[in-house]
Amino acid sequence: MKGRFITLEGPDGSGKTTVATALCKRLEEKGIPVVHTREPGGIEISEDIRKIILDPKNTMMDAKTEALLYAASRRQHLVEKVFPAVQAGKIVICERFLDSSLAYQGYGRQLGFDEVLGINLFAIDNTYPDLTIYLDVDEQVGLDRLSDRQFKDRLDQESIDFHHRVSEGYREVLRRFSDRIKIVDASMSKEEVISACEKLIIDLIND
Ligand code: TYD
């Protein structure tokens, strides 16, 4: 089987982890070899970088430093985990990737879409995902779920304005990469969302 690299995107509180976990279980039951991973993280070096980025005590972190750390974590995760798995014929399902940086650092931190794309193209050697599924949730629903969280990391603690800009950033991402990204309405029931994602992946595999 040909390996594929699939990313799951969406704002905080859109349900990426729940969907990815259930999706991987369903694909495995069909005998499809899957690897479930996430960014920032997924391997030791990138999990270490994740701790630095998300630690609420790092209030001094500069926006460009943050963007570079996400890109560095991304690079290591790709080389160490994603590329070998895809080459071995597996379906890699990764929570968050490039598009998160474009939305959060490009728009949320206002570093600019093309500037953030530039440093990331260096990090990913122009490797775009084969498919990106965007979990589309009403901005307010996402924010409400976020405010219910017990522990809020450094980005969760950002202002409402920051999260508005992230949503705007995702809208730009959807416009620019309309071929690669498929939108799933995440306000449907969990079952419906998972089935919709599963269908997109099966279609890709059979393509
Ligand atoms: P994640 O673990 O997906 O958090 P959540 O479960 O809240 O969705 O990601 C941690 C945070 O990192 C999240 O607020 C989004 C942010 N992020 C960026 O700002 N840029 C990036 O490139 C990535 C991958 C994540």
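The values are calculated or read from the model by the stated rules, or taken from the named source; none is laboratory data. Note that the structure is a prediction, hence the values are computed from the model and not measured. Neighbour counts are summed over all protein chains in view; Cβ atoms, including those assigned to glycine, are modelled from backbone coordinates with ideal geometry. SASA here: full protein model, heavy atoms, side chains in, ligands and nucleic acids out. Shrake-Rupley method; radii C 1.70, N 1.55, O 1.52, S 1.80 Å.
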- Query: If one computes P(r) from the Cα atoms of the range 126-191, what percent of pairs lie at distances over 17 Å?
  - Reply: 53 percent
- Task: Using Cα positions and a limit of under 26 Å, work out the lysines in reach of residue 25, with same-chain residues fewer than 8 apart set aside.
- Result: 2, 16, 81, 90, 182, 190, 199
- Message: Using a 1.4 Å probe on the protein heavy atoms, what percent of the accessible area of the chain belongs to carbon and sulfur?
- Response: 51 percent
- Apply the Karplus parameterisation 6.51 cos²θ - 1.76 cosθ + 1.60, with θ equal to phi minus 60°, to every residue of the range 163-176 and state each ³J(HN,Hα) to the nearest whole Hz, in sequence, with x for glycine and proline. 5, 5, 5, 4, 4, 5, x, 5, 4, 5, 4, 5, 5, 6
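Net charge near residue 3: determine it from the other residues with C-beta under 10 Å of the C-beta of residue 3, scoring Lys and Arg +1 and Asp and Glu -1. Don't jump to the answer; show the numbers that get you there.
Details: positive: 2, 4, 90; negative: 130.
After counting each charged neighbour, the total is +2.
Please give the length that would be gained between residue 206 and residue 192 if that part of the chain were fully extended, namely 0.36 nm times their separation in residues minus their C-alpha to C-alpha distance (nm, one decimal). Please list the in-between numbers first.
Values: separation 14, 0.36 × 14 = 5.04 nm, distance 2.10 nm.
Here the answer is 2.9 nm.
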- Item | Amide H partners (placed H, <5 Å) of residue 134, local residues excluded | 9, 182, 183, 184
- Which of these, 186, 63, 123, has the largest mean-square fluctuation under a Gaussian network model of the chain (Cα springs below 10 Å)? 63
- Item | Shape box of the range 60-166 [Cα atoms, principal axes, largest first, Å] | 41, 27, 23
- Rounded to the nearest 500, what is the chain's calculated 222 nm mean residue ellipticity when only DSSP H runs of at least 4 contribute -39500 (n - 2.57) each, over all residues? -15500 deg cm²/dmol
- Item | For the range 56-207: accessible area per residue (Å², 1.4 Å) | 50 Å²
- Task: Taking all pairs of distinct Cα atoms, average 1/r, flip it, and tell me the Kirkwood hydrodynamic radius of the range 4-206 in Å to one decimal place.
- Result: 17.1 Å
